[in-house]
Structures are given as structure tokens and as C-alpha cells.
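Beneath this line is the structure, given in C-alpha cells, with notes to follow.
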Amino acid sequence: MPITASAKKALRQAKTRRVRNIKKKASYKEAVKTYRVLAAGKKWEDAAAKLSAVYQALDKAAKSNVIAKNKARRLKSRLSKLAPKK
């Protein structure tokens, strides 16, 4: 257990940030999962509409260092390749 006041505050901040990070991580994972399900089911209209939400969730997670920036870029690249060529 923390003893000094600054250590107590750091613990409170860490708990708050952990909850926030878990929410962002769950958000992008759920968005990716639903996009992959739509793409696998060949529902391209719905998948195209969902892709921007996936990008937004990945960018937010990368901006707050929940995931690395290159991981977000890599996921966006791989997900965009699932869509059919026009």
C-alpha cells in the first residue's frame, strides 16, 4: 500500500486510467470483431459503413497509447484489404 500522499494520488490516477484504457481497448476490439463478421458474411454495404467507426476506435486507442500507433496502422491496413476491390 502506498504511504506518501503522492503515492496515494498516483494509485488513484492509475486506477482511473486503467478503467479508461480497458474501455478503449474493448471498444476497438468490438468494432474490429463486428467488421470482420460483416466482411466474412459478405455484407459489404454494412461493412463499409462500419469501417469508419473501426478507424475512429483504432485512432483513439492509438492516440491515448492504449495500443501502439503501428498496430493501429497495421490493423487498419489489414481490415481495408478485406473489402472487395472496385
Checklist outcome for this item: So, with points 7 Å from each Cα along the Cβ direction, the L11-T34 label distance in nm works out to 3.8
Checklist outcome for this item: Quick calc: nm separation of the 7 Å Cα→Cβ label points for S77 and N65 -> 2.4
Item to check | Simple Cβ-charge dipole of the chain, Lys/Arg +1 and Asp/Glu -1, about Cα centre, in debye nearest 20 | outcome: 300
Next on the checklist: Along the charge dipole of the chain, pointing to its positive end and built from +1/-1 on Cβ of Lys, Arg, Asp and Glu, which listed residue (V66, M1, A40) has its Cα farthest out?
Outcome noted: M1
Item to check | Mean residue ellipticity (222 nm) of the chain, computed from DSSP H runs ≥ 4 via -39,500 (n - 2.57), nearest 500 | outcome: -27500 deg cm²/dmol
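Counting other Cβ atoms within 10 Å, which trypsin sites (Lys or Arg not before Pro) in region 24-55 have at most 14 and lie in a DSSP loop?
Passing both the DSSP loop test and the Cβ count: K42, K43.
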Checklist entry - Nearest 0.05, what FRET efficiency do T4 and K25 give at R0 = 30 Å with Cβ-Cβ as r? => result 0.50
Next on the checklist: Applying a 10 Å radius around every beta-carbon, put 13-20, 54-61 in order of their mean neighbour count, most first.
Outcome noted: 54-61, 13-20
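May I ask which of K33/K63; K15/K43; K9/K76; K33/K69 have a Cα-Cα span longer than 31 Å here?
K15/K43; K9/K76
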Checklist entry - Among the aspartates and glutamates, which fall within straight-line cross-link reach of K85, defined as a Cα-Cα distance under 18 Å, with same-chain neighbours fewer than 8 residues apart omitted? => result E45, D46
Checklist outcome for this item: Inverse of <1/r> over all distinct C-alpha pairs of the chain, i.e. the Kirkwood Rh in Å, gives 14.5
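The numbers here are math on the coordinates, done by the rules we state, and not lab data. These numbers were taken from a predicted model, which means no experiment stands behind them. Reconstructed Cβ throughout: ideal geometry from the backbone, glycine too, with neighbour counts over all protein chains shown.
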